[in-house]
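Following: one structure in structure tokens, then a few remarks.
The values are calculated or read from the model by the stated rules, or taken from the named source; none is laboratory data. These numbers were taken from a predicted model, which means no experiment stands behind them. Virtual Cβ from ideal backbone geometry, glycine too; neighbours counted across all protein chains shown. SASA here: full protein model, heavy atoms, side chains in, ligands and nucleic acids out. Shrake-Rupley method; radii C 1.70, N 1.55, O 1.52, S 1.80 Å.
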Amino acid sequence: FQNEINEVPFFDVQLPYELALKIFQYLGKTELGRCAQVSRTWKVLAEDEVLWYRLCQQEGYLLDASISAHCSWKLALKNCRARERTLTTNWKNRIGAVSQLQYELGKVLCDVHSWDGVVIAGYTSGEVRLWDTRTWDYTAPILEAVRGPGDAGPQPHVSFVRINSSLAAAAYEDGTISVWSLLLGREPIHHYQHNQRVQALALASEGATVATASGFQVKVESPNDRGVWQTAGSFEIQKLVSFLNVVPDVSGSPVTVAAAEDIVYLLKAEAPGKVLHSVYGQPVTCLDVSAHEAAFGVRTFGWLLNEPNQVLLYNLETSQCLRKMGSSVGDFTCVNLHNSPPNMLVTGNKDRRVRVFDLRRSQALCSLYAHQLGVTAVQMDDWKVVSGGEEGLVCVWDQRMGTKLWEMHARHPVRHVWFNSHSLITANIPEEKAPRGATVMEDDFTAHRKHRGTIYAYEFWVDHLAAESVLPICRSSYDESAGYNYNIGLAVPYDSI
């Protein structure tokens with residue numbers, strides 16, 4: 001019938017089908033539904049696949065699909081919106097599956113990082129492990145370190161680990177840095193050595209750039225056009241670096257931002273280091289960068305009571321301070337700029353509050369009284385905030401309502417929080433890496449669980465049922481866990497093994 005339509009009636013005029021389609025492309029879902037009730041011709045026009053394909057793309061669904069991928073884009077958009085509503089409901093009501101990523105017996109967790117559901121963890125044994133939480137029947141491969149013929153003793157502890165879409169990097173206590181390719185296998189593709197302990201490790205969110213700080217030196221490594229790794233830049237800093245980030249989405253030579261006590265440096269490869277911010281007596285307490293901006297918290301002292309602790313926002317291209325936000329007695333301990341929505345920023349503070357800022361204003365949009373001992377990790381999206389605390393509590397908040405949805409507690413401080421639309425990764429990392437009784441703890445599983453730290457993976461995707469998402473050996477015949485008010489299936493070996 002659609003092929004037989006040559007002219008579409010528009011009141012007193014007759015328009016060609018293509019011209020009428022161009023008019024209808026300015027209508028939304030509600031208007032198209034009303035137009036479909038006018039006549040048979042308008043119904044065919046209002047349900048044209050081109051219109052609903054554009055609506056689906058505008059709302060952010062199925063962006064990689066072509067127009068021929070679905071026979072009914074109206075139905076595809078309806079299903080996507082229904083799945084999103086269900087997923088939001090699962091987040092709010094904590095409906096899904098939870099899994100604890102297993103550890104090696106007798107070893108303590110040192111650092112955790114994740115990217116798109118892939119988790120990397122380093123241990124006191126010197127081992128670096130990977131988990132892909134996107135597939136639940138996974139194994140945890142060990143990324144092998146570079147060892148010389150004389151390295152017969154125990155491996156040094158892992159200080160830092162980082163991961164992105166293609167690379168994984170780890171820094172060890174002896175100053176060694178190893179880089180692995182996630183596509184090539186467990187053998188490192190590059191490694192180099194610092195003379196002192198590494199104080200900060202940064203990996204570009206995309207691409208192949210590794211930055212490390214050791215002593216008063218910051219070194220940036222990246223491969224050249226032939227794929228051979230080389231030192232892209234080496235900088236001498238006057239003070240010890242506390243925070244280090246690689247600026248994302250930079251074409252050409254890599255750019256890093258380093259915070260060393262009360263000085264923030266902008267370090268461009270093949271150029272001298274540039275001071276972005278420096279105020280004597282105001283040390284930097286946290287740092288995060290996006291493609292064009294850097295946000296960091298500064299601490300003031302007693303003689304500067306008229307200027308409380310704040311978060312400063314700098315433009316990396318002009319090196320100008322764009323905004324001074326917040327007014328807090330406590331130190332800002334964490335800030336998340338890169339993963340926040342446009343013009344938004346979320347911070348955590350020692351005063352136990354999570355604050356959400358609009359970068360176009362100086363005052364916080366909302367302040368959430370979150371934790372008992374200070375906030376250690378934060379992330380937000382359009383409607384929710386996930387925060388971790390020093391006391392081991394993970395809280396999920398409805399940002400627009402300012403209310404806590406649910407919480408989860410573990411023994412050690414939360415040092416890593418990451419989530420996307422359907423999954424959440426949290427890591428509780430102990431401060432004490434050699435607890436009392438560690439020599440007799442190797443075979444004591446109960447004592448080991450108390451001190452080793454934990455990594456949790458939550459899955460809220462609507463296609464994953466709680467009883468089917470846990471590992472096969474842990475699948476229970478019971479649907480719900482007794483004594484709890486949320487719908488997460490038992491994740492312990494039970495009577496259906």
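Results, tabulated for the structure shown:
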item: Within the range 356-385, tally of residues that are in a loop (DSSP other than H, G, I, E, B), open to solvent by less than 10 Å² (accessible area, probe 1.4 Å) and either touching a helix residue (DSSP H, G or I) at 6+ places or on another chain (Cβ under 6 Å) or charged (D, E, K, R) (or both); result: 0
item: Hits in the range 219-239 (condition: open to solvent by less than 20 Å² (accessible area, probe 1.4 Å) and within 25 Å of the chain's Cα centre (by Cα)); result: Val220, Glu221, Ser222
item: Matching residues, the range 317-349, being out of contact with any Lys or Arg (no Cβ under 8 Å at 6 or more places or on another chain), at pLDDT below 90 and among the hydroxyl-bearing types (Ser, Thr, Tyr); result: Ser327
item: Count of the range 240-252 residues which are of a type outside the set (A, V, I, L, M, F, W, C) and either open to solvent by 50 Å² or more (accessible area, probe 1.4 Å) or not assigned by the TED database to the domain that holds Glu270 (or both); result: 4
item: Flag if Leu322 is open to solvent by 20 Å² or more (accessible area, probe 1.4 Å), over 25 Å from Leu373 (Cα atoms) and part of a strand (DSSP E or B); result: yes
item: Matching strands (runs of 3 or more DSSP E) fully within the range 1-100 where at least 3 residues are at pLDDT below 85; result: 7-10, 13-16
item: Entirely in the range 263-316, the strands (runs of 3 or more DSSP E) that have 1 or more residues that are of a type in the set (S, T, N, Q) and either buried (at least 19 other Cβ atoms within 10 Å of the Cβ) or at pLDDT below 95 (or both); result: 274-278, 284-289, 309-315
item: Matching strands (runs of 3 or more DSSP E) fully within the range 141-254 where at least 1 residues are farther than 25 Å from Ser278 by Cβ; result: 158-163, 167-172, 176-181, 190-193, 198-203, 210-214, 217-223, 229-236
